[in-house]
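Here's the structure, in structure tokens; my notes come after.
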Amino acid sequence: MDRHIPASGGDTVRKTRSAVVVGTLAMCGTVVSLQQTLVLPMLPDFPRLLNTTIDNASWLITATLLAGAVATPTLSRLADMFGKKRMMLVALAIMAAGSLLGAFSQALPLIIAGRALQGVGVALIPIGIAIMRDELPRERLPLGVSLMSGTLAIGAGVGLPLAGLIIEHLDWHSVFLVSAFAGVAMFVAVALAVPESPVRTRGSFDYRGAVLLSLAVTALLLALSKGAHWGWLSFQTVGSALLGLILVIVWLPFELRVASPLVDVRVAARPAVLLVNIASVLTGFAMFANMLGSTQLLQQPTKTGYGLGFDVLHTGLWMAPSVLVFGAMAPVSASITRRFGPQTTLLAGALTMAAAYAGRVFLSGNLWQIVAGSMLVGVGTSMTFAAMPSLIMRAVPATETASANGLNTLLRSVGTSTSSAALAAVTTTAVIHVDGTVFPSFGAFTTVFWIAAASSLAAGLLAIPLFRMPEQGTEQPATVEHGQEAVVRGRVVNSGGNAIRNAVVTLLTPSGQQVDWSQADSSGAFSLAIPGPDRYLIVTAAEGWAPYSQLAALHAGHDIEPIVLRKRLTLAGEVSDAQGPIAGATVALTRLSGEAVRAGQTSMDGRYEMPLPSSGRYVLTVVTPSALTAARAVTIWGAERVVDIRLPAGRENGSAVACAPRRERLGAVGQEGAQ
């Protein structure tokens, strides 16, 4: 019987604590976007201020992008292993140190280093969302995630006009001082208000995987971010892109062999996760196209025929409505997610973005059209950004929420970098000449809007299959009090004590409500998050093995006894003719694509048996000692199969084919046993 904990006066305290946690984490998102946005309006002035070239000054943006892309998956995985609050404090300390370095430096290399350290703060977003999952009740999680996404836009919107004020009235170093002050303030707030989550995974950190992924991401983002400066067909751009792709090809199989991978590729390859991650790239592209396109339309000179000629300060002020809409949509997105699911929120948001961009192609000729179009895109972006973390958390184990959201954030940054590269490529090829000066043509912006509309529509189409996918997430049973989660661990082995890789262990309440799930690593180890001490149903399944279930009393710090899968599923049967069983016949299993899978011989009683292969379509072929042959198609779908083949007597050598089998039985495999 499931445990039920009645409400008490402590509910008010828990709600207050949850509100404080959400507010603190959301402000971290604001600070991250603020410290990245403050420098953008000053980029044209940095070559003069630092006595350098435009290309060198652009590294102030590139360094932040690269550092954030490298730090996000690394710190997210460390957060899952060693504590989410601890890694948030590490990221905030590094971000504040980078801001101080930039504030008191005059040399370009030191300022670039400071900007790189600031980029580490990007990892705060997925870690903060993972903390919300651990701390908030189920019904309040969508609002927390939506607010986190909304405050990202608020920070970006405040950054533009604030940078304009600083440029007009203060020294440019004040931009870094503001970021440093905000970083230190958030460090203190997190240290005081955010509790450490007990939900952790174990294992050793994947240093080699982290290095390989960091190098791959760096190479790919360098090609995207610097391609406009280097030339898209230059040796540096093409070489960086090829190097990045080669490193990804090397990294993927490496991660499949590591006991505790930096990124669990198998989980990331699940359709429910893969589709959301692809949608993250597409929506990241569309979101950044809105910000870049709108600001350029506002700032281009009036002599271009379409620009409004605004300065940085006024551009930031006219972009503020889009930011306000983004933040105001947070409770709306949360309400849609609670009532209809995050799939609906993602679909509605992506379609809103697509429609808004299609409208902007024809309605971007004056101020109100630019602002209104940007606001509509912001509405859709707010919905998609609120939906994707919820979809990720529903599809991954509780002990991997930070790293899974870290990968999603990384892929979103790939989308924003691609958007920046696409805008640079289009605006440098479609140009107009006015008074001897080259400007992007208005057609360049409409082209980018069409691409962004197509990208948004594709993201919406990816959301449709998610409606048909069963929820595999780690949502907490409503009958269990929140805030007591802990992690239990165990191993999946065979009867000889050898690890069974990739076994899936599902944790349920005795009534069948899902609590968590985990996939065993290469050593057979797994971790499960439990809401509190109680009896749980543990269901274990692995390809090629009979499933196993057991009821167990679990509590914090309790290691589950090794789960032993004893029965190997097989493909078996009998080879015979009219005279009886045929001994010594060769039985071969091949794929329809031609690859040989397994082969063996029949015993004295004509029986054959082989380990059950992975699900798919195969051809089972028999060759008798007298050179008669038979073949038949066999479909395997994870259940034990018995396929008998009977050959008619009296056929000439080599001419036999399979008759209808005398017997074909599908073995229904259920519970193997219970401890």
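The values are calculated or read from the model by the stated rules, or taken from the named source; none is laboratory data. All figures in this text were calculated on a predicted structure; none of them were measured in a lab. Every residue, glycine among them, receives a Cβ derived from its backbone with ideal geometry; neighbour counts consider all protein chains shown.
Brief remarks follow.
- Set A163, A182, A96: member being over 24 Å from P195 (Cα atoms), over 19 Å from the mean Cα position of the chain (by Cα) and in contact (Cβ under 8 Å) with a residue 24 or more places away in the chain: A163
- Residue within region 358-372 that is among the hydroxyl-bearing types (S, T, Y) and assigned to a helix (DSSP H, G or I) present: no
- Considering residues of region 566-614 that are polar (S, T, N, Q), free of Cβ contacts under 8 Å to residues at least 40 places away in the same chain and buried (at least 16 other Cβ atoms within 10 Å of the Cβ) only, the residue farthest from A546 (Cα to Cα): T586
- In this structure, S549 does not satisfy being small (G, A, S), assigned to a strand (DSSP E or B), in contact with a strand residue (DSSP E or B) (Cβ under 8 Å, 6 or more places away or on another chain) and within 20 Å of A395 (Cβ to Cβ).
- Of the listed requirements (1) buried (at least 21 other Cβ atoms within 10 Å of the Cβ); (2) modelled with pLDDT of 90 or more; (3) more than 27 Å from L100 (Cα to Cα), V190 misses just one: (3).
- Test: residue in region 620-635 that is on the phi > 0 side of the Ramachandran plot and either not aliphatic (A, V, I, L, M) or not in a loop (DSSP other than H, G, I, E, B) (or both): no
- Where a residue in region 316-341 is in contact (Cβ under 8 Å) with a residue 24 or more places away in the chain and its partner, wherever it lies, is surrounded by fewer than 23 Cβ atoms within 10 Å (Cβ to Cβ) and not in a helix (DSSP H, G or I), with Cβ under 8 Å and at least six apart: W318/F310
- Among the residues examined, G102 qualifies as small (G, A, S), surrounded by 22 or more Cβ atoms within 10 Å (Cβ to Cβ), in contact with a Phe, Trp or Tyr (Cβ under 6 Å, 6 or more places away or on another chain) and more than 18 Å from S225 (Cβ to Cβ).
- Of everything listed in (1) surrounded by 18 or more Cβ atoms within 10 Å (Cβ to Cβ); (2) closer than 23 Å to S18 by Cβ, the single unmet condition for P533 is (1).
- Each residue in region 430-472 was checked for being assigned to a helix (DSSP H, G or I), under 25 Å from A356 (Cα atoms) and of a type outside the set (G, A, S), and 15 of them qualify.
- Within region 123-179, the set of residues being over 26 Å from T384 (Cβ atoms) and either of a type in the set (V, I, T) or surrounded by 24 or more Cβ atoms within 10 Å (Cβ to Cβ) (or both) comprises A163, I166, I167, V175, F176, V178, S179.
- Comparison of A330, A320 shows that the only residue that is in a helix (DSSP H, G or I) and buried (at least 20 other Cβ atoms within 10 Å of the Cβ) is A330.
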